[in-house]
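Chemist: I have a structure here, written as structure tokens, and I will follow up with some questions on it.
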2 protein chains.
Amino acid sequence: MDTTKHAHISQQFNAELEDIRTRVLAMGGIVEKQVHDAVTSLVEGDVELAESVIVNDYQVNALEVAIDEECTQTLVRRQPAASDLRLIIAVIKTITDLERIGDQAEKVARMAIQLAESERPQNQYMEIRSIGRRAHDQLHQALDAFARMDIEVALAVAQEDTNIDQEYKGIIRQRITFMMEDPRKITTSLNVIWAARALERIGDHARNLSEYVIYLVRGKDVRHISLEQMEIEARKEE
Amino acid sequence: MDTTKHAHISQQFNAELEDIRTRVLAMGGIVEKQVHDAVTSLVEGDVELAESVIVNDYQVNALEVAIDEECTQTLVRRQPAASDLRLIIAVIKTITDLERIGDQAEKVARMAIQLAESERPQNQYMEIRSIGRRAHDQLHQALDAFARMDIEVALAVAQEDTNIDQEYKGIIRQRITFMMEDPRKITTSLNVIWAARALERIGDHARNLSEYVIYLVRGKDVRHISLEQMEIEARKEE
């Protein structure tokens, strides 16, 4: 193969990889909006917005299937090695977690519809607004880490996950107190707990996303290790 | 390359793929045992067994990382095409779901420890025994479908998932009634609900596993479509 032809193929390949990255970020943007809208629909009792979140979930699913297919095709055609292969494997995992974040957003929207039927609490679902903002920020940062291949941002996402877990546990404790004080609040409280749990799960998925970024940049699998160990591994040069 | 050498490499490659399949099934066996032990520990109030489930989760995590690494290495070295590539992609996804089933088993074990401190209910946690058996059977069948590349078994797993969902909803309804009748049962009931939810999630993951089997055998992505559509797609010849 002459050099010009080789350069041409390599350029095409780079364009393909860039296209995959762009599509993942587009999918991420839609999922982010779904999370944002789901939380807003619950906090503001906006049933119409909640219904639009449920309807739009198909877009997220369709993108997962399409990007997955594109990754498989690229593996077959290009047989990439080293960092290009890592990118494709990281993308295959990333879109699975993004799709599941979409499912959690849909769950929050379903709870929003249930809750819209009951009396609004005095605190206006402040606790869901708070944990929802955290979950959304985590997801946003994880996508940012992916876009900029930024290890430090990825590490920050992993660390922040502990705070969401704490906040979630606080919501459960508070709701148990409410339910004990007034058993008529049990159904409503359970719906709030389900929504909080879905948002806490989004935090877990954002953490997974950030682990894939570290794998992508450093070539190291940092799952199932402590945060301290993850920092050491991520900051080592490859 | 002469034919003998080619045949030799191809033999080695087949051995590698067979090794990956065997390790996935070994991981599946451990995860199955974890689910079984977690349910038993809860139903029988066996704290020691529950603790062993929590401790053994690291084995599942370690296998996920090791098999993942083996898949990446095989992609780099062998650059497989068509059905071999599909096997590796299906395995990468399968082990992610198996690891998450392991996490759910650990959650059930944690609930077992919490519940062992409270008074045993008259029904001896019959509802957890029942949904637990279903979740375990689903997982077992999904692994069986993978081992035998059996489309019909995979379809049966996907269909059965609806029944677990129904059973789970029944448990929630019953527990809401209990909590309303006697607010002192709220904490215990929530622990039963968390355990039931973890088992219901295992059903979802088993369904994912069966979808990867259909992808593997038929080369078709059957996620996010109706059960009827899935049957039609899966039974079509490739």
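Coordinate-derived values only; no laboratory data. None of the values given here were measured: they were computed from a predicted structure. Cβ placement follows ideal geometry from the backbone for every residue including glycine, while neighbour counts extend to all protein chains displayed.
Chemist: DSSP loop GluC sites (Glu not before Pro) in the range B:45-138 with at most 13 other Cβ atoms within 10 Å of their Cβ, which ones?
Modeler: Loop-located and lightly packed - B:Glu117, B:Glu119.
Chemist: Oh, and also: Which residue, A:Ala62, A:Gly170, B:Val76, has the largest displacement toward the positive end of the dipole of the protein assembly as shown when charges sit on each Cβ (Lys, Arg +1; Asp, Glu -1)?
Modeler: Of A:Ala62, A:Gly170, B:Val76, it is A:Gly170.
Chemist: Here's a follow-up. Any idea what angle helix B:186-218 forms with the longest principal axis of chain B, computed on alpha-carbon atoms, 0 to 90 degrees, nearest 10?
Modeler: Helix B:186-218 sits roughly 20 degrees off the main axis of chain B.
Chemist: Which angle between 0 and 90 degrees, to the nearest 10, do you get for helix B:82-116 versus the longest principal axis of chain B when only C-alpha atoms count?
Modeler: 20
Chemist: Please determine, in degrees from 0 to 90 and to the nearest 10, the orientation of helix B:3-44 with respect to the longest principal axis defined by the Cα atoms of chain B, where the helix direction is its Cα long axis.
Modeler: Once rounded, one gets 0 degrees.
Chemist: List, shortest first and in nm to one decimal, how far the label point of A:Gln11 (7 Å from Cα along Cα→Cβ) is from its counterparts in the other copies.
Modeler: Values, ascending and in nm: 4.6.
Chemist: Going 7 Å from Cα along the Cα-Cβ axis for the label, what nanometre distances separate B:Gln122 from the same residue across the other copies?
Modeler: Relative to the other copies, B:Gln122 has label-point distances of 3.9 nm.
Chemist: If we count every other residue with Cβ under 14 angstrom of B:Thr74's Cβ, Lys/Arg +1 and Asp/Glu -1, where does the sum land?
Modeler: -2
Chemist: Continuing with this model, one more query. For A:Ala15 paired with B:Arg184, estimate the spin-label separation in nm (one decimal), with each label point 7 Å from Cα along the Cα-to-Cβ line.
Modeler: About 7.4 nm separates the two model spin labels.
Chemist: If you don't mind, another one. State, as an integer percentage, the relative contact order of chain B based on alpha-carbon contacts under 8 Å between residues 6 or more apart.
Modeler: Details: 280 pairs, mean separation 57.4, N = 238.
Averaging sequence separation for qualifying contacts and normalising by length gives 24 percent for chain B.
Chemist: Moving on. Under the convention of a label 7 Å out along Cα→Cβ, give the distances in nm from B:Asp150 to the same position in every other copy, shortest first.
Modeler: Taking the point 7 Å beyond Cα along Cα→Cβ, the inter-copy spacings are 5.1 nm.
Chemist: Tell me the label-point distance for the pair A:Ala26, B:Thr22, using the 7 Å Cα-to-Cβ offset, in nm and rounded to one decimal.
Modeler: 4.5
Chemist: Alpha carbon centre of the range B:49-122 versus the range A:1-58: separation in Å?
Modeler: The two parts, judged by their Cα centres, are 28 Å apart.
Chemist: Here is a further query. If packing is taken as the average number of other Cβ atoms within 10 Å across a peptide's residues, how do B:23-32, A:196-205, A:28-37 rank, most packed first?
Modeler: Per-residue mean Cβ counts within 10 Å order the peptides as A:196-205, A:28-37, B:23-32.
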